Each structure stands twice: as C-alpha cells, then as structure tokens.
1. Looking at the stretch 304-319, is at least one residue among the polar types (S, T, N, Q), touching a Gly at 6+ places or on another chain (Cβ under 6 Å) and crowded, with 19+ Cβ neighbours inside 10 Å?
2. Which residue out of V141, V159 is in contact with a Cys (Cβ under 6 Å, 6 or more places away or on another chain), open to solvent by less than 40 Å² (accessible area, probe 1.4 Å) and within 26 Å of S76 (Cβ to Cβ)?
3. So, A362, is that one at pLDDT 70 or above and either assigned to a loop (DSSP other than H, G, I, E, B) or under 21 Å from R339 (Cα atoms) (or both) or not?
4. Need pairs with beta-carbon distance below 7 Å; first residue closer than 22 Å to Y312 by Cα and within the stretch 52-72, second open to solvent by 40 Å² or more (accessible area, probe 1.4 Å) and assigned to a loop (DSSP other than H, G, I, E, B); sequence gap 6+ or separate chains.
5. How many of the residues in the stretch 235-272 are in a helix (DSSP H, G or I), aliphatic (A, V, I, L, M) and more than 19 Å from T418 (Cα to Cα)?
6. Check off (1) open to solvent by 50 Å² or more (accessible area, probe 1.4 Å); (2) modelled with pLDDT of 80 or more for A458 and give me the number that stays unchecked.
7. Quick one: C356 ticks every box in (1) surrounded by fewer than 16 Cβ atoms within 10 Å (Cβ to Cβ); (2) within 28 Å of L41 (Cβ to Cβ) except a single one, so which number is it?
8. Take the residues in the stretch 332-352 that are hydrophobic (A, V, I, L, M, F, W, C), loosely packed, with under 14 Cβ neighbours inside 10 Å and more than 22 Å from the chain's Cα centre (by Cα), then tell me which one is farthest from N398 (Cα to Cα).
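The values are calculated or read from the model by the stated rules, or taken from the named source; none is laboratory data. Predicted, not measured: the structure shown is a model, and the values here were computed from it. Methodologically, a virtual Cβ is constructed for each residue, glycine included, from the backbone with ideal geometry; neighbour enumeration extends over all protein chains shown. Accessible surface areas use protein heavy atoms only, side chains included; no ligands, DNA or RNA. Shrake-Rupley method; radii C 1.70, N 1.55, O 1.52, S 1.80 Å.
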Amino acid sequence: MATTTTDRNPSAVPPVASPQGHPQRWLILGVICLAQLTVLLDNTVLNVAIPSLTAELHASSTDIQWMINAYALVQSGLLLTAGSSADRYGRKKLLAAGLALFGIGSLAAGLAQTSAQLIAARAGMGVGGALLMTTTLAVVVQIFDEKERVKAIGLWSTVAMLGFASGPLVGGIMLEHFWWGAIFLINIPVALLALVAVLALVPESKNPAGDRPDLLGALLSTVGMTAIVYVIITGPEHGWSSGPVLGAAAAGLVSLAAFVWWELRIPYPMLDMHFFRNQRFVGAVAGSILVAFGMTGSLFLLTQHLQFVLGYAPLEAGLRTVPLAATVVVLNLAGVGARVLARLGTPSTVVLGMGCVAAGLAAIAVLGGADSHGYGGMVVGLVVMGVGVALAAPAMANALMSAIPPEKAGVGAGINGTLAEFGNGLGVAVLGAVLNSRFAALFTGAAGAVSLPVALAAARDEGERERVRDAFASGLETSQLVGAAAVLAGGLLAAVLLRRAEATARKAGV
C-alpha cells in the first residue's frame, strides 16, 4: 500500500511502498517489532515486582496502583494525538522520538529513589509509549500490500502478545539476580538498538496534504481519555460515587462530548467520526476492547495469585505465565491465524478466537482458582487463551485498520492502541473490583486484591493465613468467570457487526 499524497501539497513525502510492498519490508517489520517489544514489556513487567517495591520503597497499596497505572494513563490519553501527529509530521520521526523518550524515562525509573519519583518516571515513559504504539502499526500498514498485510499484522500481534505476556517472566529473571530498578534499565540498550535501526532502515511516510493541525481536538481528546481512564483505575479504590471519581467522570464525558462536537464541525478533523458509521470498524472496536479487558485483568490477577497464594518467587511466577505467550508465538509464526482467517472469514475467526479466550478464562477459574494449592489447572486455561488470542487479535486489528483510509494509518493505530489501553484499564479495574468484593465478603477486614499481602501479614496463625488464601482464590475464580462472560459477549457482538458490514459491502458491490 502506498502512502497517500495529493497534488495540493508538493511537500508531501512520496509513496514508500510499491504495489508489492516495500522491498525491505520484512527487515523493517523486525525493527519496528523490536521497538514495540520494549513498550509492551512495561505493561506487565511491574506485576511481579509488587512485593519488592512494597518492601524496598515502602510503597503503599495506592503507590503500587499508580506505579502500574501511571504509564497506561498517560499513554492512553495521548494515543490519538500521537497517531494524528505521526500522520502529519512523519511516522519515522515520531517513532524515533518515542524510542528516545522511552529510553530516557526508563533511565529515570531505574534510578528512582522514592515512590513519587518512580510514578513520575513511569508517566514520562507513557509519552514515549504513545508515540511508539501508534507509529509501529502505522508503518506496517504503509509498507505491506493487502495480500501480505494480514500475515504482517499477525507477526506484529505476536510481538505484542509476547511483550505483554513475557513481562512477568522478564521481570522475574531480573529480580532473581538484580534489584528492582534493573527491570527498567534493561530497556535502555534495546531502545538504543531499535533507534539506530529505525534511523537506518525505516522509510519516512506522512500525509500532510490539506490536513491542518487540530490543536483543540488534540487537547480535548487527551483530557477526555485521561479522565476516563483515571475513573476506571481509581473507581474501585475510592468508590464510584466519591467526589474525585465523579468529578473526573464528568470532566472526561464533557471533554469527549466536546471533542465529538468539534470533530464533526471542522474540515480537517483529527478523528473522522464517520468511521463509527462503518459496522466493520465498530465490530473491531468492540472486540478489541473486550479481548484486552479479559487478557490484562486476568494476567494482573494471576501474577498475584501465583506469588501470594501459591507462594512462587517472582521468577517462578513469571515462568508459569509462559504457556500463554508461547502458544500465541508458535501459532502466529506458523501462520495459523492468517490461514484460518482466509478460510473462515473475519466474523467466524473472531467468534472462534474470542470463544477460546473466554473458555480459557473459565478454565482458569474452575481448574486453577478454586484450588489454592496447585498450578496445573491453570496451564489448560493459559494455552486455550493463547489459541484464542492468536486467532482473534490479528483478525480484529486487520479489520480495524482496513476500515480506515491509508493516509490516516497513524490515527487508526492510535484508535487501536487507545482501545487496547482502555480495555487494559477496564480489565484491571472491573475484575479487580469483583475480586475485591468477593475477597472482602469472605474475609472480614480485607480491603481488596492489592491488600492480600497486608491481610497475610496481619494473620495471627497459619489457619487464618489459609483462610486469607482461600478467600483470595475464591475471589479470583469469580472475577475470571466475569471476564469470560464479557469476552464471549464481545466476540458475539463483534462478529454480528462484522458480518453485517460484509453483507452491506456485497450488496453495494464493493
């Protein structure tokens, strides 16, 4: 697919890909996947470091939540703006800038001496992460033609899943041999290597033709998305009816409503609201949110279950999440997702994939969550979830990006990343709230999933500690079942919308 330009703007960068795709497209794909890997590792690498941070930085439960969520909060708030900026000013430039900012933020995080410093550094890393998340997928869309794009997005999704799911493993390995700051400092050489490769290999592409900067749209979208993600993150902790949560919700909704109103009235909007009339686009949106919801919420809870309930060390806990990532990597490297998509079509592939994710979550709940003394039952669920992600994630990403004009590839990638971050935050908040409620009901005085170490430390004897573990395991089981139901419902909704979109296209002769 060539980069779109028009005669109205002679400064527009020329197309970077022939009809067969860029001649170095597979090497470039490797480079941008390396860049993406550094970002996605940080979505989950902190999960296994929670006990270390609690002990060494004297971090409170609130501090831990913000260490984890500051990164996602900033990143999700900036994704649409980053994508729009990449389309206008150059995807290569902003990819390089994102790597540089991410590396600097990682250095600051690794050298942090207090909880506040680490939270601030993680927020800075989120800025670089927003630039990276949007530009990597946009470059894939630009350099691959339609025939190869599904396979390329499948490999991109594989790296995304590998980074996401291997975070606990990488974190565990680093914590086994070094102090907690090493989990951030390891990003620096990877970011430097990726930066050199990007500057040397990745072609520049942009589409400034007739596309004026939408500064007000950028401000409104950033404020609105940041406020909404803040509500999702802090609602379970402060209470959904508390003043700060209601205030943030009101600010977010007003900002997003103003954003929609503004985008519908300007000639060159940052986000064309007419995309939402496309059922293929809306179906991919629904599916993307629900897969991220189930995956992130599940992994967030599982890493705590493995350490606090089953008693594994950080490295051991990280190793036990490997079946999920390994399944996705093996299937996507073998091209299974692309072949299934070609044979079944997008709607059926999405239903099959998300059905497997839901079945995996249910298996973890039934076979793993109820028994606080064993890990074996979880393996089945992790593998089944991996199969589902390998099928559904590339199909939905391709459906979303193909519903958006190529000159808006950065915005499309921003939407895709925003949905993932929104689903991530929603998964942690909702499934965490379900576990919190169940845990508190079964064990009087428990304050939520993150308070499990406190409850264990306060237990008077081994019998009481066993009650704490059993209550947490029961809460985990309930939360995983809720996640399974949500993912299955999302898969069915996405498939219905995608099938309707295909039927409409056939009638129109498209």
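1. So the first thing to find is which residues in the stretch 304-319 are among the polar types (S, T, N, Q), and the list is 304, 307.
When the remaining residues are screened for being touching a Gly at 6+ places or on another chain (Cβ under 6 Å), the result is none.
Within the stretch 304-319, not a single residue is among the polar types (S, T, N, Q), touching a Gly at 6+ places or on another chain (Cβ under 6 Å) and crowded, with 19+ Cβ neighbours inside 10 Å.
2. Residue meeting the stated conditions: V159.
3. Taking the combined requirement at face value, the residue does not satisfy it.
4. L57/T114
5. At the first step, the residues of the stretch 235-272 found to be in a helix (DSSP H, G or I) are 235-238, 243-263.
If we keep only those that are aliphatic (A, V, I, L, M) too, we end up with 245-246, 248-251, 253-254, 256-258, 260.
Applying the additional criterion that residues be more than 19 Å from T418 (Cα to Cα) yields 245-246, 250.
Final tally of qualifying residues: 3.
6. Only one criterion is unmet by A458, namely (2).
7. (1)
8. A334
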